[in-house]
Amino acid sequence: MKYNFIEKFATTKGYKVIKNIVYGPKGNIRKLDNHRNYPRFNIVYKKKRIPVLVHRLVAYQKYGKAIYKKGIQVRHLDNNSMNFSEENILIGTASENMMDIPQKERLKKAIHASKHIRKFTDAEMNEIRKYHSSSYKDTMKYFNISSKGTLHYILNTDYKTKI
């Protein structure tokens, strides 16, 4: 993040979050917009409008400078980025943040990501299994498989994409 201190600056200027409402320095309620499904508002810093992500402001108000430690992320306990109540905001590692996502949704994301790096679909792997008789060399040549290890894995595991 380019402005890793903006939450501290906003707090110093008098911005605060109380019960899911953002108040400005004069006690006025700030209107929020959404950026990638995260509520935010803008403040002026050195004549530039800088966005303040509300969940990070809440985390700063709750945990202080600990949110700036290397490897620390702001977490939403219920995995709802629109819920920035103090009870829902925690800090932790990327792994802990990922574990806040329900298992079924994590699996869906992992499968989506793996589809971009997998060379063969489930149907193609089934076709390879059916085609293969005895020669690794012939099967590798026919399906343009460059590694015996890859072919061995396809032939000897029951790997299927599941949701």
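Descriptive notes on the structure:
- Extreme residue, nearest to K19 (Cα to Cα), among residues of the range 87-106 that are loosely packed, with under 14 Cβ neighbours inside 10 Å and touching a residue at least 24 places away in the same chain (Cβ under 8 Å): E105
- Looking across the range 20-66, the residues that are out of contact with any strand residue (DSSP E or B) (no Cβ under 7 Å at 6 or more places or on another chain) and closer than 26 Å to A94 by Cα come down to N20, N34, R36, N37, P39, Y60, G64, K65.
- Taking residues in the range 57-83 that are touching a residue at least 60 places away in the same chain (Cβ under 8 Å), and partners anywhere that are small (G, A, S) and crowded, with 16+ Cβ neighbours inside 10 Å, the pairs with Cβ atoms closer than 7 Å and at least 6 places apart or on different chains are I67/A59.
- Taken over the range 154-163, the criterion of being assigned to a helix (DSSP H, G or I) and surrounded by 11 or more Cβ atoms within 10 Å (Cβ to Cβ) is satisfied by I154, L155.
- When the helices (runs of 4 or more DSSP H) confined to the range 67-153 are screened for residues that are closer than 30 Å to V54 by Cα and out of contact with any strand residue (DSSP E or B) (no Cβ under 9 Å at 6 or more places or on another chain), those reaching at least 1 such residues are found at 94-99, 103-115.
Read the figures in this text as sums done on the coordinates, not as results from a lab. Here the structure is a predicted model, which is why all the values come from computation and not from measurement. Note that each Cβ is placed from the backbone with ideal geometry, even for glycine, and that neighbours are counted across all protein chains shown.
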